[in-house]
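I have placed the structure first, in the form of structure tokens, so that the comments after it can refer back to it.
Every number here is computed from the coordinates shown, using simple stated rules; none is lab data. This one's a predicted model, so the numbers in the text were calculated from it and none came from an experiment. Cβ sites come from the backbone with ideal geometry, for glycine too, and all protein chains shown count toward neighbours.
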Amino acid sequence: MLEATLYSVTADPKGNYALPAEYDGTVHETALYYAVRAYRNNQRQGTHSTKTRSEVSGGGRKPWRQKGTGRARQGTIRAAQWRGGGVVFGPRPRRYRTDLPPKVKRLARQSALNARANERALYVIEELAFEQPKTKHMLEVLDKMGLGDRKVLVLTSETRPTVHLSGRNLSNVHVMRYRDASAYEVLWSDAVVIEQQAIGGHEVAGSAPKAASRSRTATRTRGKAATRAMAKKRSATKKATKTAKTKSTTKRARKDGSDA
């Protein structure tokens, strides 16, 4: 079972998060290849076009007679070898639509998510909720997670207009619903941030962040050091008091002896 880092609403690390059972680390590269190829093909409009010699304007008569001029025979000035002539075997408008079986799409999508999880580039956040659509808010969250300079795919559990609008003006951030993400979009990103409600799974017990653990350890160490210092100070004070009393008693005894 793979794990990811869990972040709170304020983008503070909370510990490890156990991903669902479908995140088993399996990456099917063939399915990814077909999915990426189909996605890129479906983005093409297919409106490219060139004109053949029959579609080019002009060239209605033979430029010179067939024989007797010493030049090569020509039938029209719009042939392919002439400047301004037609194009031979040029691109024509066509349909690039490529369909994939639903099972292959699902396999490729899960393989892409597994690939990011294997790289520890998949992060889980409790919730993304902004009161107002502000690009600043999205940048603050990503910077706090250490993803400010990476291409990030943010996947929400449902449609959140404020989150979508907050990331729309960032060229390296895409925001969409978890169920709408395709294999190509997951592979496009360097890191994937998913809401906890969307992905499922559960938090790993006893997986406090290392930083917090170190902080608590340092606090306990400082507390012990302070206690030792205070005890040492009290011991020194007692010793100084005892020494002062001894000196006072000795001086008083000497004075009584001189009076006698």
Seminar exercise, completed: Total charge of the residues flanking A31 in space, meaning their Cβ is under 13 Å from its Cβ, with Lys and Arg +1 and Asp and Glu -1, is +4
For this session: Give a residue-ordered list of calculated ³J(HN,Hα) values for the range 172-178 (Karplus: 6.51 cos²θ - 1.76 cosθ + 1.60, θ = phi - 60°; whole Hz; x for Gly, Pro).
Result: 9, 10, 10, 10, 7, 6, 4
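Could you compute the net charge surrounding A129? Neighbours are other residues with a C-beta less than 10 Å from the C-beta of A129; K and R count +1, D and E count -1.
Here the charged neighbours net out to -3.
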Problem set entry | Bins of 10 Å from zero: percent of alpha-carbon pairs in the range 83-128 | 18, 22, 21, 16, 14, 9, 1
Exercise. If we count other beta carbons within 10 Å of each Cβ, what is the order of F130, F89, fewest first?
Worked result: F89, F130
For this session: Give me the percent of DSSP beta bridges within the range 3-155 that run antiparallel, rounded to the nearest 5.
Result: 60 percent
For this session: Take the cross-link list K14/K151; K14/K144; K14/K136; K14/K103 and give me the ones stretching past 25 Å between alpha-carbons.
Result: K14/K103
